[in-house]
1. List the helices (runs of 4 or more DSSP H) that sit entirely inside segment 66-179 and contain at least 2 residues that are polar (S, T, N, Q).
2. Counting only residues that are of a type in the set (Lys, Arg) and open to solvent by less than 10 Å² (accessible area, probe 1.4 Å), which one in segment 262-305 is nearest to Ile357 (Cα to Cα)?
3. Just checking, which of Ala374, Ala355, Ala417, Ala408 is at pLDDT below 95 and either of a type in the set (Ser, Thr, Tyr) or part of a helix (DSSP H, G or I) (or both)?
4. May I ask you to say which residue of Ile363, Ile370, Ile357, Ile347 is in contact (Cβ under 8 Å) with a residue 12 or more places away in the chain and closer than 23 Å to Glu126 by Cβ?
5. Condition (residue is under 17 Å from Arg571 (Cβ atoms) and outside any loop (DSSP other than H, G, I, E, B)) applied to segment 478-495: is it met by at least one residue?
6. Right, Asn368: within 18 Å of Ser274 (Cα to Cα), assigned by the TED database to the domain that holds Tyr267 and of a type outside the set (Val, Ile, Thr) or not?
7. Can you tell me which residue is most open to solvent (accessible area, probe 1.4 Å) among those in segment 373-420 that are in contact with an Asp or Glu (Cβ under 8 Å, 6 or more places away or on another chain), of a type in the set (Val, Ile, Thr) and within 21 Å of Gln620 (Cβ to Cβ)?
8. Please determine, by comparing only the residues of segment 185-209 that are open to solvent by 10 Å² or more (accessible area, probe 1.4 Å) and of a type outside the set (S, T, N, Q), which one is nearest to Pro129 (Cα to Cα).
Amino acid sequence: MFACRLPWWRSSATCKLWQSGHFLPWDRCQMLSIKGINTTVGQDQQASMKEKQVLEDLEMPFARREMETLFQEQPETGNQYLEDTLLRSYLKTHLPPKVLEEVHQDLERFGNRLLTKIQHLSWECELNPPVLRQYDAWGRRVDHIHTCSAWRKMKEISAEEGLIAEAYERKYSNWSRLYQAVKLYLFSSSSGGFSCPLAMTDGAAKVIESLGIPESLKNAFDRLTSRDPERFWTSGQWMTERRGGSDVANGTETVARKQPDGTYRLYGFKWFTSAADSDVTLTLARIADAEGQCTQGSRGLSLFFLRVRDEEGKLNSIQVQRLKDKLGTRQMATAELWLQGARAELISAEGRGVAAISNMLNITRIHNVIYAVASMRRMVTLSRDYARKRVAFGKFLKDHPLHMQTIARMEVQVRGAFLLVMEIVRLLGLAETNLASEQEQLLLRLLIPVAKLYTGKQASAVAVEAMESFGGQGYMEDTGLPVMLRDALVLSIWEGTTNILSLDVLRSLTKSQGQVMAVFLSTVQKKLELASGTEELSPALQRTREAIGSLRQFLEASGSEQALTMELAARDFSYSLARIYTGRATTGITEPCNALLMEHAARPDASSTDVCAALRWCNQELCPVAVESGRGSYGGRAALQDSALVFGNSRL
């Protein structure tokens, strides 16, 4: 019963009469049985007849209804791959035919496995969160983190499906990374939170590969990328300490002391360690010199690899202080850890830890984007199915124009986000196989933080809107919908908040001495011309060109402004890049092309829906940074007004 349904565990949701027997409460009398309605392709006529019967049943007096069987029909999902027409059309457009043939078969199989074997495990993970047992029956400190069988099964499935291995085996050359991303996209919403350790595992493998897979780390790399459940390892990423936040340069207090055998012992407190049950981890620390002194700032940070437990399962001089009580992602063990001489291996050059771990951060941020898009797709899919089944005010929700408009607006956001993440993993695949041009590498560096910050916000907004589409049921814990909202909220926080990443976008501009923006603007402008042959897209093309012109004017004007101006504009600037670039992609296999949504709409076999999505995306404000700049939102006076507004009513 769990294979394709949300966890409607409580059968007491059945609608009943009040004890008086005369009427129902308003919020529950809407819970009418419409069991059996199926609107799958080829059965529209049958569905129409059943809908008519349901509506006729509504006209029956209460006395003639079987009240004990009344309930709301729950939304369902089928094979996620087969039902996702955007995904399938994207793969058909971009993948070489032979690659497409092979991956299509595997993705269809994987979709069936998700539906019948995996989806119910995710809810078991939610119902059985990890538990910390610090002492055994005899008072010995053991710090055992107990995870449920479903969580452990997710680890086995991840290995069997090659969710990490696929990207490193490179069976399909530069397309392997995109193929891995598609499998992660399908897996995420059914993973029970296991997407998080997979993100860090992928990141750790990437770091080790970037170091040339030194002999001391070969076993670790092989295990991190293994398809054998018995050998597969997951990795953590221990960066956040007691001072918290993204300021690791000033917040890292962990000290590394060199041992006679060349290894190091780590001493410190890790305040927020995700997937604390992982096998290995990468972490930052400051190496102490002979006098015990450490270099401060980012130049004092080095990167270390360590095993969390030894061969006997005992912790590596690590003490688990407590598990975090989080709003969401409760399925995963996140802990506070004391490192009390944990044995570790230095894997970066001394003082180059931040640079070395940057590869991990790029990968985990891409995973963040994948999860954001996947969560949006799941919420919209459920909302859409519910609209076919729920009756309100005498007709199905799908027959209420305003309700459909609301879901359609969410669908446009999902489509844009999906094409953006596919573009990023396409570029990553090129970079990893040495096929990316210098311009493509610059774009990849820019787009990762842009996509992460933008889709994180999108995911939260879509989750809230989608919950509302279920009415009161969306607020009920046992529907599983609140879980999706809670888990989505972390996406704009983990791996850098919106503001932190906006500033990172500015750093990429400065570091490239403006080259990255020159590439961005020239690429988008030039490739938009390739969509000009589709007359229906003319309004979208015009608005995009106007947005690019506004962005150019803003950049020219800001060149003479103080740093304060760009900092205040950073968030709106990043949003502008995201909205405009959901504007560029590749068509066919080798030729770069026009806007992401417009490119998809300009295909020979594109549907009217594809065109509509492109037009609606471009109806929003594509360059908010230019609008706000014109309103004087980024000057020194505006900064003073911001402070006055925040603290004006405060006694402080």
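1. Working: elements: 80-83, 85-94, 97-113, 119-127, 149-160, 165-169.
Where helices (runs of 4 or more DSSP H) fall fully within segment 66-179 and carry at least 2 residues being polar (S, T, N, Q), they are 85-94, 97-113, 119-127, 149-160.
2. Kept after step one, since they are of a type in the set (Lys, Arg), are these residues of segment 262-305: 265, 270, 286, 299.
Applying the additional criterion that residues be open to solvent by less than 10 Å² (accessible area, probe 1.4 Å) yields 270, 286.
Values: Lys270: 17, Arg286: 14 Å.
It comes out as Arg286.
3. Values: Ala374 fails: at pLDDT below 95; Ala417 fails: at pLDDT below 95; Ala408 fails: at pLDDT below 95.
The unique qualifying residue is Ala355.
4. Working: Ile363 fails: closer than 23 Å to Glu126 by Cβ; Ile357 fails: closer than 23 Å to Glu126 by Cβ; Ile347 fails: closer than 23 Å to Glu126 by Cβ.
When all the criteria are applied, what remains is Ile370.
5. Scanning segment 478-495, I find at least one residue that is under 17 Å from Arg571 (Cβ atoms) and outside any loop (DSSP other than H, G, I, E, B), so the answer is yes.
6. Judged against the criteria, Asn368 is not a match.
7. Of everything passing the filter in segment 373-420, Thr406 is most open to solvent (accessible area, probe 1.4 Å).
8. Only one residue tops the list, namely Gly193.
The values are calculated or read from the model by the stated rules, or taken from the named source; none is laboratory data. These figures come from a predicted structure and were not determined experimentally. Methodologically, a virtual Cβ is constructed for each residue, glycine included, from the backbone with ideal geometry; neighbour enumeration extends over all protein chains shown. Please note that ligands, DNA and RNA were not included when accessible areas were found on the heavy atoms of the full protein model with its side chains. Shrake-Rupley method; radii C 1.70, N 1.55, O 1.52, S 1.80 Å.
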